[in-house]
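Student: Let me begin by handing over the structure; questions about it come next.
The values are calculated or read from the model by the stated rules, or taken from the named source; none is laboratory data. For clarity, every value in this text was computed on a predicted model and none was experimentally measured. Cβ atoms come from the backbone with ideal geometry, glycine included; neighbour counts cover every protein chain shown.
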Amino acid sequence: MYVDEVFEKVKARDPDQPEFLQAVEEVFTSLGEFIEENPQYKKANILERVVEPDRMFIFRVPWETNDGEVMVNRGMRVEFNNAIGPYKGGLRFHPSVNLGIIKFLGFEQVFKNALTTLPLGGGKGGSDFDPKGKNDAEVMRFCQSFMNELYKYLGPNTDVPAGDIGVGAREIGFMFGQYKRLKNEFTGVFTGKGLNWGGSLIRPEATGYGAVYFADEMLKTRGDSLDGKVCLVSGSGNVAQFTVEKLSQLGAKAITLSDSSGFIHDPDGIDEEKLAFVMELKNVRRGRIKEYAEKFKVQYAAADPKLDHNPLWAVEADCAFPSATQNEINEVDAQNLVKGGVFVISEGANMPTAPEGANVFLKAKVLYGPGKAANAGGVSVSGLEMSQNSLRLSWSREEVDERLRGIMAAIHEQCMIYGYDEKDKYCDYVKGANVGGFKKVADAMLDQGLV
Ligand code: NDP
């Protein structure tokens, strides 16, 4: 089959990029039948074109610690595809960052952005810099040095980055400030900006809120709702925090949170007051989630790399919102989730479920919303931030939230169109998201000729 031939070429070209290959294989597996039924894509060799980024930049980022030590990190930006709009996608600062990870995230972003109904191309970038343990002055010096190179490639109609792991309001502020200084231009060249300098209301909340709205849409297909549901959430950063907030607003109860050191289990639920503690702990003091267990006298389990599974996913519940990082749910975790009663999985993180885990969900016929669809709320409100910047207007909280809800419902609808099997009475959201996103990008590429 054409998809297999192209995948063999991708493997031969980038054998050392496992995360990228995983993301490509997942998309190609969904596309096989659709591509065979629509020969125009093979004729134009769209698959081989869509897996190769438009361009990639890799650069040195030198900076100085407070003690005068000279440090060197690697920065990169992958401008993956701009068939339907300017490159759009976050920056990740984490020691694990390498080109394969940024390419996987950029590839996912292309199809995710296509699903949002907004005119957004796909890109991603970042650095192996670790903001943990660095103070504000060091983070600022790093961000300024990073931007001294990256600014050349950005522009409000060219490439518009945002945050991701390790890049929040503080880092966006430092990078936007340096961009503005270098270009002498105040333009919407980042999203996730501060509210009083061009940011949008609801942008910080958008990814978490969107993942919850997507779960709600999935539940509606079974005549059910989030009201009264018990939910597992992993991570404790931006996405996890606002997932917990929206769950509690909709009458559900989040009972877990984690960071790379371990997880907490609070059977009474993480209410408003406890969430305020987490936000202060993680966003201001930048401490560890263990402190939650000490403060509220609940169970804490340290991460144990010797285990073949993550015990967080073995806690009994109805819904799961993985919101930390890629491949955090393996096959055993997926089996534990299903065994523990979980029948809704809405992915706030990007590719948190390994392929073997995804197969467990699809076989069990649970409601499984992959990140490409479920976490698209963040980039959607980024798109709305760009619109507001172009109009030089700010929309109210209610207006942005309502548009976000509408976009998540539209994404869900596209998944149903391409993923629902009448015979089975089951929606394969993975297939639906991949085919729906691919079709829009591929058709635009066909229209625009061989570029
Ligand atoms: P944050 O940096 O705010 O939080 C990340 C959280 O995940 C932290 O609790 C962190 O713990 C944990 N984590 C990160 N890496 C690992 C790891 N290797 N092992 C265990 N825990 C880990 O990031 P976000 O909340 O912004 O992003 C979370 C996920 O959501 C990512 O997959 C990201 O790509 C995705 N996403 C984010 C969007 C956004 O708008 N921010 C949009 C769409 C998707 P610790 O502090 O110990 O590292």
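Student: Look through Asn389, Asn350 and report the one residue that is of a type in the set (S, T, N, Q), farther than 17 Å from Leu31 by Cβ and not in a helix (DSSP H, G or I).
Tutor: Just a single option satisfies the conditions, and that option is Asn350.
Student: Turning to a different aspect of this structure: Which of the residues that make up the stretch 401-417 are more than 17 Å from Pro119 (Cα to Cα) and buried (at least 21 other Cβ atoms within 10 Å of the Cβ)? I'd like the intermediate steps shown before the answer.
Tutor: First, pick out the residues of the stretch 401-417 that are more than 17 Å from Pro119 (Cα to Cα): 401-402, 405, 409, 412-413, 415-417.
Those that are more than 17 Å from Pro119 (Cα to Cα) and buried (at least 21 other Cβ atoms within 10 Å of the Cβ): His412, Cys415.
Student: When you scan the stretch 105-122, do you find a residue that is farther than 21 Å from Phe176 by Cα and away from the ligand (no atom under 16 Å from the Cβ), even just one?
Tutor: Yes.
Let's see how each residue does on (1) part of a helix (DSSP H, G or I); (2) of a type in the set (Val, Ile, Thr):
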position: Ser394; (1), (2): no, no
position: Glu413; (1), (2): yes, no
position: Ile417; (1), (2): yes, yes
position: Gly436; (1), (2): yes, no
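Student: Tell me whether the stretch 102-117 contains one or more residues that are touching a residue at least 60 places away in the same chain (Cβ under 8 Å) and surrounded by fewer than 20 Cβ atoms within 10 Å (Cβ to Cβ). Give the steps one after another, and end with the answer.
Tutor: As a first pass, look at the stretch 102-117 and keep what is touching a residue at least 60 places away in the same chain (Cβ under 8 Å): 103-105, 107-117.
Imposing the further condition that a residue be surrounded by fewer than 20 Cβ atoms within 10 Å (Cβ to Cβ) reduces the set to 117.
Yes; the residues of the stretch 102-117 include at least one that is touching a residue at least 60 places away in the same chain (Cβ under 8 Å) and surrounded by fewer than 20 Cβ atoms within 10 Å (Cβ to Cβ).
Every residue, every condition in (1) surrounded by 17 or more Cβ atoms within 10 Å (Cβ to Cβ); (2) touching a residue at least 24 places away in the same chain (Cβ under 8 Å); (3) within 16 Å of the ligand (Cβ to nearest atom), yes or no:
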{"site": "Glu37", "(1), (2), (3)": "no, no, no"}
{"site": "Pro62", "(1), (2), (3)": "no, yes, no"}
{"site": "Asn66", "(1), (2), (3)": "no, yes, no"}
{"site": "Gly75", "(1), (2), (3)": "yes, yes, no"}
{"site": "Gly85", "(1), (2), (3)": "yes, yes, no"}
{"site": "Phe93", "(1), (2), (3)": "yes, yes, yes"}
{"site": "Val97", "(1), (2), (3)": "yes, yes, yes"}
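Student: If you don't mind, another one. How about the stretch 98-124: which of its residues are among the aliphatic types (A, V, I, L, M) and more than 13 Å from the chain's Cα centre (by Cα)?
Tutor: Selection gives Leu99, Ala114, Leu115, Leu118, Leu120.
Student: Lys88 is checked against (1) in contact with a strand residue (DSSP E or B) (Cβ under 6 Å, 6 or more places away or on another chain); (2) assigned to a loop (DSSP other than H, G, I, E, B); (3) among the basic types (Lys, Arg) and fails just one. What number does that condition carry?
Tutor: For Lys88, the failing item is (2).
Student: For Ser380, which of the numbered conditions (1) within 13 Å of the ligand (Cβ to nearest atom); (2) assigned to a loop (DSSP other than H, G, I, E, B); (3) not aliphatic (A, V, I, L, M) fails to hold?
Tutor: It fails just one condition, (2).
Student: Among the listed residues Gly223, Gly235, which satisfies the condition of being more than 27 Å from Arg170 (Cα to Cα), outside the structural domain of Ile172 (by TED's automatic domain parsing) and out of contact with any Lys or Arg (no Cβ under 8 Å at 6 or more places or on another chain)?
Tutor: Gly223
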